[in-house]
Amino acid sequence: MTDRTTLDTTPAPPVTSRRGALIGAMFLMATSAIGPGFITQTTVFTAQIGAAFAFAIVVSVLVDIAIQLNVWRVVGVSGMRAQELGNRVLPGAGYGLAALDVFGGLVFNIGNIAGTALGLNALLGLDVKIGGGLSALVAIAIFLIRRAGVAMDRIVVVLGGAMILLTLYVAIVSDPPLGDALKQSVAPETLDFLIITTLIGGTVGGYITYAGAHRMIESGLTGAGHVREINRSAVTGILVTGVMRVLLFLAVLGVVAGGFTLAKENAPASAFEHAAGEAGLRVFGLIMWSAAITSVIGASYTSVSFLVSFSSFVERHRNRLVVAFILVSASIYLAIGTAPAKLLILAGALNGLILPFGLAVLLWAAGRRRDLLGGYRYPAWLLALGAAAWLLSLYLGWNSLSELGDLWS
């Protein structure tokens, strides 16, 4: 019997290939979260509250783990994508979730391509439109390769590792006050709940919530017998994101703790340049490009993964649709030179609905629809963690919807 969830039209992969795809799924989740917005948010918040930002990172990582443990467990044990579960729990819910995800993914992908352009501008001095166009071609080339899934897995792992190592270098060079950061990770001098919720929304909001989980089930790792691997993968993916956040925080903290004021027009670039001179600026360019191009890959792949359940035509031409998704994103960016501000606000608000809506569907399946999980008895403690995270996601969604007022101001 053929496996309709595989990305490539090849026989089921051996265990070693499946393990590689699982590692790719972990990094796909992590690198989807580590995009241009991630870098900018971390830099700006560190400049605002200094070492106290360490506490916000710790809390956000713990909440992210609670959310992803539930998402990966339900999706992995059921072997169904989020939209498939949605339609089984409540007819039509899966279509609504897919519509929200695809629209948000498309708009934010324009921003991701803009991020690749900024990265190549800092790295090589390329014009931003040329840099954005070239980066889009790189992403397209990945999905034109015959075994696109394998190529995607390897590229996100390599670029994810490169981002971490390069940021570690700048963090060491900037010489941050490690003792103060460690102390304030548990006893912060400043507590800003809005910053914490912003970090959570940026790490597990929108399509990011499902990027790794959808790739995992397409690797063939599904069913209750793989719960231990599913748990390990979910937590590891969040920890990779957390490590990158910590290193970036330390790199910027070392700069601002020395009294340097970051440039408003490009705070991350000015921080890296101050820490390591011209080499720091080039390193920033490479990190920004890597973060943005992997987010382009993640947004495009995951958005299309929300459509493949609804039509055999979409499934057969999946990679072509991913290419088309990237082409549309790049064309809009090249036409206007940036992501449209009002669309970003709208997409951000709608993305704020994806987490509570999608998480509610998955938790209902976990607690009330054991038939969808093959009779698997879902742990009560994990369901309780998920419920607490869902309540927080409602708050995040409300804050996100309140931003719609900015469209009319």
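The values are calculated or read from the model by the stated rules, or taken from the named source; none is laboratory data. Predicted, not measured: the structure shown is a model, and the values here were computed from it. Note that each Cβ is placed from the backbone with ideal geometry, even for glycine, and that neighbours are counted across all protein chains shown. The protein model used for the area step is the full one, side chains on, heavy atoms only, and it has no ligands, DNA or RNA in it. Shrake-Rupley method; radii C 1.70, N 1.55, O 1.52, S 1.80 Å.
Just a few scattered comments:
- Taking Cα atoms only, the orientation of helix 15-33 departs from the longest principal axis of the chain by about 50 degrees.
- Structure-based [θ]222 nm, the chain - -39500 (n - 2.57) summed over DSSP H runs of at least 4, per residue, nearest 500: -26500 deg cm²/dmol
- Acute angle (nearest 10 degrees) that the helix 318-336 long axis makes with the longest principal axis of the chain, alpha-carbon atoms: 30
- Relative contact order %, the chain, counting alpha carbon pairs below 8 Å whose residues are six or more apart: 35
- Fully extended contour minus Cα-Cα distance, from Val243 to Arg147, at 0.36 nm per residue: 31.6 nm
- From phi via Karplus (6.51, -1.76, 1.60), per-residue ³J(HN,Hα) for the stretch 148-157 in Hz, x at Gly/Pro: 4, x, 5, 4, 4, 4, 5, 5, 5, 5
- (1) 163; (2) 181; (3) 135, with the label sought being that of the calculated volume of the Cα convex hull per residue in Å³: (3)
- In terms of packing, defined here as the mean over residues of other Cβ atoms within 10 angstrom, the peptides 293-299, 319-325 line up highest first as 293-299, 319-325.
- Nonlocal amide H pairs with Leu262, under 5 Å, H built at 1.01 Å: none
- Within the accessible area of the chain (1.4 Å probe), percent carbon and sulfur: 67
- The phi torsions of the stretch 81-95, fed into the Karplus equation with coefficients 6.51, -1.76 and 1.60 and a -60° offset, translate into couplings of 5, 4, 5, 5, 4, x, 5, 6, 6, 9, x, x, 5, x, 5 Hz, rounded to whole numbers, with Gly and Pro shown as x.
- Radius 10 Å from Cβ of Ala257, net charge of other residues (Lys, Arg +1; Asp, Glu -1): -2
- Gain on full stretching of the segment that runs from Ala380 to Ser311 - 0.36 nm per residue minus C-alpha separation: 21.3 nm
- The distance between label points at Ile172 and Tyr395 comes to 3.9 nm (points 7 Å beyond Cα on the Cα→Cβ vector).
- Phi angles across the stretch 237-252 convert, under the Karplus curve 6.51 cos²θ - 1.76 cosθ + 1.60 with θ = phi - 60°, into 3J(HN,Hα) values of x, 5, 5, 4, 4, x, 4, 4, 4, 5, 5, 5, 4, 5, 4, 6 Hz, Gly and Pro given as x.
- Modelled spin labels at Ala279 and Ser331, positioned 7 Å past Cα toward Cβ, are 4.4 nm from each other.
- For the chain, the longest principal axis of the Cα atoms and the long axis of helix 193-204 meet at an angle of about 50 degrees.
- Accessible area of the stretch 196-306 divided out per residue, in Å², using a probe of 1.4 angstrom: 27
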